[in-house]
Amino acid sequence: DMTFGEGGHTKALLRSSPSSVIICLDKDPEAFKAAQELAVEHPNRIYPVHGNFSDLPQLLKDLNVKEVDGILFDYGCSSGQLDIAERGFALSKTGPLDMRMNPNSDSPTAADILQYADEQDLYAIFKKYGEEKNARKIARAIIENRYTFTPVKTTTDLANLVSAILPSRTDKIGRPSHPAT
């Protein structure tokens, strides 16, 4: 399980395949802690690893694992990350605009990137990772905001900036949706 999160997929695998042995990888320290707790409940079946799946070949080598039967990825934020305002993922809750999978890392926060990236880089981020059709408009608004108002530092700051420039949206079944999501 290369994106352990809260362990839902791993727990289902444990139930459905009583002989399975699972490597539980996540770069989020809280997810790693949850994997360690699950390993205590399932000795010799769960091997928690704190790291990034991009390092998988080396991590498997370090564990002396030569082959695996399957690899599970569930990309994106876990519900736990979205529920905690301080993680900065949920635009519906006011919190620092962090958005790092590992909040203890030295990597820049989302607020840092919005403050220092140029317009083309912001556009590329929103287009590639957010699949946002209004990526250029949002990038331009962030750049203009730097010189007009205060920096975008919180989830609410970002949500307000985006909702000021984009019309309200509806989801696939017609329910109202915030333009920043």
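Quick note: the coordinates plus some simple rules give every number you see, no bench work behind them. These figures come from a predicted structure and were not determined experimentally. Quick reminder, even Gly has a Cβ in these numbers, built from the backbone with ideal geometry, and neighbours come from all protein chains shown.
Quickly run through segment 113-141 and pick out the residues that are over 16 Å from the mean Cα position of the chain (by Cα) and acidic (Asp, Glu).
Across segment 113-141, the qualifying residues are 118, 119, 121, 132.
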> Restricting attention to segment 28-52, which residues are more than 19 Å from residue 68 (Cβ to Cβ) and in a loop (DSSP other than H, G, I, E, B)?
Replying inline: 28, 43
> When residue 105 is evaluated against the numbered criteria (1) assigned to a loop (DSSP other than H, G, I, E, B); (2) farther than 30 Å from residue 29 by Cα, which criterion, by number, is the only one it fails?
Replying inline: (2)
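Pick from 25, 91, 59: which is surrounded by 14 or more Cβ atoms within 10 Å (Cβ to Cβ) and in a helix (DSSP H, G or I)? Break it down stepwise before answering.
On the way: 25 fails: in a helix (DSSP H, G or I); 91 fails: in a helix (DSSP H, G or I).
Criteria check complete, one pass: 59.
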